[in-house]
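Enquirer: I'd like to ask you about the structure that follows.
The values are calculated or read from the model by the stated rules, or taken from the named source; none is laboratory data. Computed from a prediction, not measured in an experiment: that's the story for all the values here. Cβ coordinates were reconstructed from backbone atoms using ideal geometry, including for glycine residues, and neighbour counts include every protein chain displayed.
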Amino acid sequence: MKRYSAFAIAREALRGHTGWDRAWARAEPKAAYDVIIVGAGGHGLATAYYLGRNHGIRNVAILEKGWLGGGNTGRNTTIIRSNYLQDPSAAIYEKSRSLYETLSQELNYNVMFSPRGVMMLAQTHHEVRGYQRTAHANALQGVATEFIAPAKVKELCPIINIDGPRYPVLGALWQPRGGTARHDAVAWGYARACSDMGMHVLQKTEVTGVRSENGQVTGVETNRGFIGCGKLGIVVAGHSGVLADMAGFRLPIESVALQALVSEPIKPCMDVVVMANTVHGYMSQSDKGEMVIGGGADGYNNYTQRGSFHHIEETVRALIETFPMISRLKMLRQWGGIVDMTGDRSPIISKTPLGGCFINCGWGTGGFKAIPGSGWAMAELMVKGASPLADDFSLGRFREGRFIDESVAAGVAH
Amino acid sequence: MLILQCPCCGVDADETELSPGGEAHLKRYGPGSSEDDFEGYLFMRENPKGVHFERWRHAHGCGKWFHAARCTVTLEVFGTYPAQSYAPPQDILDRIAARRPGWRWREFA
């Protein structure tokens, strides 16, 4: 792999940009690999990357039925934060956030991590108490957050209306080192690094069945033929139920549509991320100037990658009340992704009833922020059979009543 | 927009009038049942890419619960039927079989 650098740009400028390599190699599937990861989104690619980087396992294929990073990795609102209430959540999300800090340098690929700060508005007294509690919990967990007063909210984000008639801003949970990153670049950067380690990133390769012998996985059927493997990692977000069905086990997961939209680009007006969970909308401004907006998920099972229109209306209505100046903005694009929701709104990183088969899913509406930490934990789990970051998120927690309840703690939006 | 006919009041209700209630025909297990059954009832859910049976409530209408048979890929509705049913009625199963050959969903296919 040729390294990207200012020198490389200068060199290529002089020779007409003829010397750039493909970012990742186009590979033909081998008969078998040590490890197959299903799903070349952020989580799948990060799992493969840390298998190679941390554990030296490089005979790995990452299978993707569509194109790289074309699922939820390319459909989210790119928010990165780690201000969760429960200890296991804080551990994995903060690990992830801290890995994002140096990810561009590590991958030699600019993921545009921008720790511009994330604030979650408290607009009811219940929320004030909830976020104060989270701030105290975060202090014990070593996650830098604080509860700030309305005046500070207004100072950090002048376009907010803090005196709304229905839901005035009573304060906010502020995480100064949260922020955003370029979502596509995260997938591309990991894919390039995986390819550089000799791994195969196989796009347009759809898994149609899981083959096993004596309760041990032996490989997967695909539209490009059978591919054998020693271990299998299923990292497919919304389609986790479909893959679990092939592998012969059930999941406590339902897949629903979550939507996002962006406005026309405008001049810089907002340099923090704001989440308003009571009125249910969140917004940040991209480097291109578009206002990036997200809202609530639909309440019913759906695989269409297209959500209900009235949810867009609710989201936009909430944000216009919070940010009156956006009321005349035109929206450019709107899209949906299929998110995999668990009952306690926490992910599953776990062994499965099928030997050699592991699953990483259930990130629901908030997976992007967790990509590096999730890959780190999943890789360790697949190699060692246990991981301090992943063990609390096992499938068995539902049976054993060890919920990691973030549905209450994090409000609704993740 | 999803439109379901409420089998109680007969209104064609769009989804802003309805509240989704999750998987239909769950068998409730209580004290004394096996851990597998209890875990399955409480947490494990059908999550099909295709035909699905769900509970809905006509929340901003007559207020009654009912069942719906729907495709999660196309949002096609195969029919709705009263909540007081242990299984989908035969005419809805026939319609699904005609539209989605080879479909399966728990014990009903």
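Enquirer: Please find, within segment B:1-12, the residue that is surrounded by the most Cβ atoms within 10 Å (Cβ to Cβ) out of those that are under 16 Å from the mean Cα position of the chain (by Cα) and within 14 Å of chain A (Cβ to nearest Cβ).
Expert: In this case the residue turns out to be B:4.
Enquirer: Somewhere in segment A:324-344, is a residue within 14 Å of chain B (Cβ to nearest Cβ), under 17 Å from residue B:45 (Cβ atoms) and of a type in the set (D, E, K, R)?
Expert: Within segment A:324-344, one or more residues are within 14 Å of chain B (Cβ to nearest Cβ), under 17 Å from residue B:45 (Cβ atoms) and of a type in the set (D, E, K, R).
Enquirer: Still on this model: Conditions: (1) within 13 Å of chain A (Cβ to nearest Cβ); (2) farther than 28 Å from residue A:242 by Cβ; (3) modelled with pLDDT under 95. Residue B:59 meets all but one. Number of the miss?
Expert: For residue B:59, the exception is condition (3).
Enquirer: Same structure again: Report whether or not residue A:64 is buried (at least 21 other Cβ atoms within 10 Å of the Cβ), touching a residue at least 60 places away in the same chain (Cβ under 8 Å), farther than 30 Å from residue A:189 by Cβ and not aromatic (Phe, Trp, Tyr).
Expert: Working: buried (at least 21 other Cβ atoms within 10 Å of the Cβ): yes; touching a residue at least 60 places away in the same chain (Cβ under 8 Å): yes; farther than 30 Å from residue A:189 by Cβ: no; not aromatic (Phe, Trp, Tyr): yes.
So residue A:64 fails the test.
Listed here are the residues, each with its yes/no results for (1) within 14 Å of chain B (Cβ to nearest Cβ); (2) more than 18 Å from residue A:331 (Cβ to Cβ).
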residue	(1), (2)
A:244	yes, yes
A:252	yes, yes
A:260	no, no
A:289	no, no
A:308	yes, no
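Enquirer: Additional query: Step by step: first the residues of segment A:143-174, then only those that are in contact with an Asp or Glu (Cβ under 7 Å, 6 or more places away or on another chain) and under 24 Å from residue A:96 (Cα atoms), then the one that is surrounded by the most Cβ atoms within 10 Å (Cβ to Cβ). Which residue is that?
Expert: A:143
Enquirer: Between B:36, B:91, which is modelled with pLDDT of 95 or more and over 14 Å from the mean Cα position of the chain (by Cα)?
Expert: B:91
Enquirer: Moving on. In segment A:291-305, is there at least one residue being surrounded by fewer than 22 Cβ atoms within 10 Å (Cβ to Cβ) and modelled with pLDDT of 95 or more?
Expert: Checked against the condition, which is being surrounded by fewer than 22 Cβ atoms within 10 Å (Cβ to Cβ) and modelled with pLDDT of 95 or more, segment A:291-305 yields at least one hit.
Enquirer: Exactly one condition in (1) surrounded by fewer than 14 Cβ atoms within 10 Å (Cβ to Cβ); (2) part of a loop (DSSP other than H, G, I, E, B); (3) within 14 Å of chain A (Cβ to nearest Cβ) is not met by residue B:36; state its number.
Expert: Among (1) surrounded by fewer than 14 Cβ atoms within 10 Å (Cβ to Cβ); (2) part of a loop (DSSP other than H, G, I, E, B); (3) within 14 Å of chain A (Cβ to nearest Cβ), the lone unmet condition for residue B:36 is (2).
Enquirer: (1) surrounded by fewer than 18 Cβ atoms within 10 Å (Cβ to Cβ); (2) over 26 Å from residue A:237 (Cα atoms); (3) not aliphatic (A, V, I, L, M): which one isn't true of residue B:19, the others all being true?
Expert: Only one criterion in (1) surrounded by fewer than 18 Cβ atoms within 10 Å (Cβ to Cβ); (2) over 26 Å from residue A:237 (Cα atoms); (3) not aliphatic (A, V, I, L, M) is unmet by residue B:19, namely (2).
Enquirer: Is it true that residue A:139 is aliphatic (A, V, I, L, M) and over 20 Å from the mean Cα position of the chain (by Cα)?
Expert: Here the answer is yes, as residue A:139 does meet what is asked.
Enquirer: Check whether at least one residue in segment B:56-78 is free of Cβ contacts under 8 Å to residues at least 40 places away in the same chain, more than 23 Å from residue A:341 (Cα to Cα) and surrounded by 19 or more Cβ atoms within 10 Å (Cβ to Cβ), and report yes or no.
Expert: yes
Enquirer: Can you give me the ranges of the helices (runs of 4 or more DSSP H) entirely in segment A:71-165 with at least 2 residues that are under 25 Å from residue A:315 (Cα atoms)?
Expert: Per the criteria, A:125-141, A:150-156.
Enquirer: Right, here's the next one. Please report, ordered by residue number, the strands (runs of 3 or more DSSP E) entirely within segment A:297-393 with at least 3 residues that are in contact with a Gly (Cβ under 6 Å, 6 or more places away or on another chain).
Expert: Answer list for segment A:297-393: A:331-342.
Enquirer: Please count how many residues of segment A:25-59 are surrounded by fewer than 24 Cβ atoms within 10 Å (Cβ to Cβ) and either part of a loop (DSSP other than H, G, I, E, B) or not assigned by TED's automatic domain parsing to the domain that holds residue A:243 (or both).
Expert: Of the residues in segment A:25-59, 11 are surrounded by fewer than 24 Cβ atoms within 10 Å (Cβ to Cβ) and either part of a loop (DSSP other than H, G, I, E, B) or not assigned by TED's automatic domain parsing to the domain that holds residue A:243 (or both).
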